[in-house]
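Undergrad: Next up is a structure, given as structure tokens.
The values are calculated or read from the model by the stated rules, or taken from the named source; none is laboratory data. This structure is a prediction, so every number in the text was calculated from the model and none was measured. Cβ atoms come from the backbone with ideal geometry, glycine included; neighbour counts cover every protein chain shown.
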Amino acid sequence: MRVHFNMNYSVKVKLNDFGRQVVMDHYAFLKELPGYGPDYVPSCLTPNEEGFQEFQLWILFEIFGPHLHLGIPEVPFEKNEIIFDFKDEEQMKNARGNERLGKH
């Protein structure tokens, strides 16, 4: 089945120790930039009740892209999984509708 998933939609991951360190390093860098400040704490740093952290897909790419390549010694996500979680019927309809219409 083909699914169309907008990069602005959210995904969930369970970060391991390496993944948490990557996120903390990324946001420590951002805190030094104008517009963020030392008190900036993004919501993605707090896991939900199931232990997942949620990111827009493009943000996940931005943060972890430099750390994902062939031969990496450690992956940042538990079970090496990214959960594509549709938030509402509209997202699900768009994803499935494109497939039925033959749009790629």
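Undergrad: Of all residues in segment 45-61, which are among the polar types (S, T, N, Q) and closer than 18 Å to Ile82 by Cβ?
TA: Those that are among the polar types (S, T, N, Q) and closer than 18 Å to Ile82 by Cβ: Asn48, Gln53, Gln56.
Undergrad: What pairs can you find where one residue is in segment 36-51 and closer than 15 Å to Asp25 by Cα, the other is hydroxyl-bearing (Ser, Thr, Tyr), and their Cβ atoms are less than 8 Å apart, with a gap of 6+ or different chains?
TA: Hits for this filter: Tyr40/Tyr27; Val41/Tyr27; Pro42/Tyr27; Leu45/Tyr27.
Undergrad: For segment 1-20, indicate whether the set of residues that are in contact (Cβ under 8 Å) with a residue 60 or more places away in the chain, touching a strand residue (DSSP E or B) at 6+ places or on another chain (Cβ under 6 Å), part of a loop (DSSP other than H, G, I, E, B) and aromatic (Phe, Trp, Tyr) is non-empty.
TA: Yes - at least one qualifying residue is present in segment 1-20.
Undergrad: Further, regarding this structure: Filtering segment 75-104 down to residues that are farther than 16 Å from Gln21 by Cβ, modelled with pLDDT of 90 or more and touching a strand residue (DSSP E or B) at 6+ places or on another chain (Cβ under 8 Å), which residue is surrounded by the fewest Cβ atoms within 10 Å (Cβ to Cβ)?
TA: Per the criteria, the residue is Glu81.
Undergrad: Could I ask something else about it? Could you tell me whether segment 43-52 includes any residue that is within 11 Å of the chain's Cα centre (by Cα), among the charged types (D, E, K, R) and at pLDDT 85 or above?
TA: Within segment 43-52 (the criterion being within 11 Å of the chain's Cα centre (by Cα), among the charged types (D, E, K, R) and at pLDDT 85 or above), the answer is no, since none of the residues qualifies.
Undergrad: Output the residue which, of all residues in segment 45-74 that are outside any loop (DSSP other than H, G, I, E, B) and of a type in the set (A, V, I, L, M), is surrounded by the fewest Cβ atoms within 10 Å (Cβ to Cβ).
TA: Leu45
Undergrad: Turning to a different aspect of this structure: Which of the residues belonging to segment 21-44 are among the small types (Gly, Ala, Ser) and either part of a strand (DSSP E or B) or within 25 Å of Phe86 (Cα to Cα) (or both)?
TA: The answer is Ser43, and nothing else.
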